[in-house]
Amino acid sequence: MDTFLTKKRKLPTEGASHPEEDNETTDVKLAILSSLHPDIDQSTLLDVLIAHDGSVAEVSAVLKSGIPQRKSSGPSGYQSSLRHFAQKGGEHDVSSPSKKKLISKKGTTMYLYDPVDVAEHTPCTIIHNFLPPEDANGLLREMLEESKTFEKITFKLFENVVASPHTSGFYVESYEEIRAQKTAYHYNGARLTDVRRITPHLQKIKPTIQAAVNKEIEARIATHYPNARKLKYQSPKPWVPNAAFVNCYDGPKESVGWHSDQLTYLGPRAVIGSLSLGVAREFRVRRILPKDGAGSDGAADSTGDAEGQISIHLPHNSLLVMHAEMQEEWKHSISAAQAIEPHPIAGNKRINVTYRHYRSSLHPSLTPRCKCEIPCVLRVARRKRDSFGKYFWMCHSGNLPGKDACSFFEWAEFDDDGDPIWRKKTGRPSKAS
Ligand SMILES: O=C(O)CCC(=O)C(=O)O
Ligand SMILES: [Fe+2]
């Protein structure tokens, strides 16, 4: 358990009810709490401390009111819910997550383990022990074998070519699709060379993933979206994955930096089903706010990071659903770990499979081409309040070493279901199917 916690991290000082607590380090606070509550283990105390903005007095008061103890016999990563500890506003009001009192403050990380907490505080839902164990292990073994030939993705960062801090593979359903991926699709301005046919285990679990993700989407709409209706631009059709990206993180230092997933082929309000296998790691999410606008608590700053990070614990055989509000409004990452708990099958490795739905209406033969004659990338505006959330097409050859992006820019239009509307006469259909 301790392997997932960074004990040296600082807790928030703002909002502490006793100013004298401000200069205490986390370790000192934990030591105080430990001596007051010897029956509660340190990592649970740490989570409660974070949930209460680092206030020892507040935590102690809450704990005295009688708290269920952390179960030591649970699976790796099990923790009692924050619900037992954090006194939050609007806990039962799930219709609008924005109304809830935020307990993740700027500069801090809130650690979540319980699926109810994840659904409440993030744009994700998580299902633990998702597949029958033999299916999860079968897929893990298959992907560990596949990952021996995975490569790092290289991309241009300013003028340098850098390699992703993990390796990956990309799987589609047919040889025809492999050919299309290699000839028509572009990622960061370049074509993929390593595209693979879906494997027997990836294929076998696809219907289970599909059914679960659709169920989670329905539940999300019913409980979290205004008037219990799908979001504008979200597809009304059932989610049917037709591609899978597989990542392999070999050891605690392998990671993926802060990003949101490219919407070019998934379209607006995309939903992604993400299965974790092997070593448990931390998935971090943070909300993006316009740099010139105030956040929900009026605390926007120049980085747009007004609410702090939330860390979701991803154990072996857990399915994380990234919902329709995620890619546009949040960023995510897999942070490097201080230490990991080796997995009996995977050793130090974590395998992550993200199932995605590529929209036929966003096939690169239909989307705008820039002056470099490359199909454009679809982005969402996030810098300014006025244009926040608007989609646009732009050149992505600036991602290629030795090339600069051309000046192509076009606002993107979508119908209510997220399929593109083409108004200009550029040879594209007036409305793609
Ligand atoms: O490994 C994960 O859980 C996330 C991977 C990811 O964000 C991606 O492939 O885009
Ligand atoms: Fe991602």
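The values are calculated or read from the model by the stated rules, or taken from the named source; none is laboratory data. Computed from a predicted model, the values in this text were never measured in an experiment. We place every Cβ from the backbone using ideal geometry, glycine too, and count neighbours over all the protein chains shown. Quick note on the areas: whole protein, heavy atoms, side chains included, nothing else; ligands and nucleic acids left out. Shrake-Rupley method; radii C 1.70, N 1.55, O 1.52, S 1.80 Å.
Need one word for region 133-361: rounded, prolate or oblate. Basis is the Cα gyration tensor (sqrt eigenvalues a ≥ b ≥ c); a/c below 1.5 gives rounded, then a/b vs b/c decides. Rounded, since a/c falls under 1.5. With 0.36 nm allotted per residue and the present C-alpha distance subtracted, the ILE421-ALA339 stretch has 24.7 nm of extension available. Packing, taken as the mean count of other beta carbons within 10 Å per residue, orders the peptides 328-339, 259-270 from highest to lowest as 259-270, 328-339. Net charge in the neighbourhood of ILE351 (other residues with Cβ under 13 Å of its Cβ; Lys, Arg +1, Asp, Glu -1) is 0.
Cα-Cα over 21 Å: which of LYS148/LYS206; LYS215/LYS349; LYS206/LYS232; LYS148/LYS253; LYS331/LYS384; LYS331/LYS371? Distance filter (> 21 Å) returns LYS148/LYS206; LYS215/LYS349; LYS206/LYS232; LYS331/LYS371. Remark: region 133-361 carries a charge dipole of roughly 540 debye about the Cα centre, counting +1 on each Lys and Arg Cβ and -1 on each Asp and Glu Cβ. Leaving out ligands, DNA and RNA, what percent of the accessible area of region 133-361 is carbon and sulfur, probe 1.4 Å? Answer for region 133-361 is 53 percent, counting heavy atoms of protein chains only. The packing ranking, built from the mean of other Cβ atoms within 10 Å per residue, places the peptides 204-210, 383-389 in the order 204-210, 383-389, highest first. Positive end of the dipole of region 133-361, charges at C-beta (+1 Lys, Arg; -1 Asp, Glu), about the Cα centre: which of VAL213, ILE334, SER360 has its Cα farthest in that direction? Selected residue: SER360.
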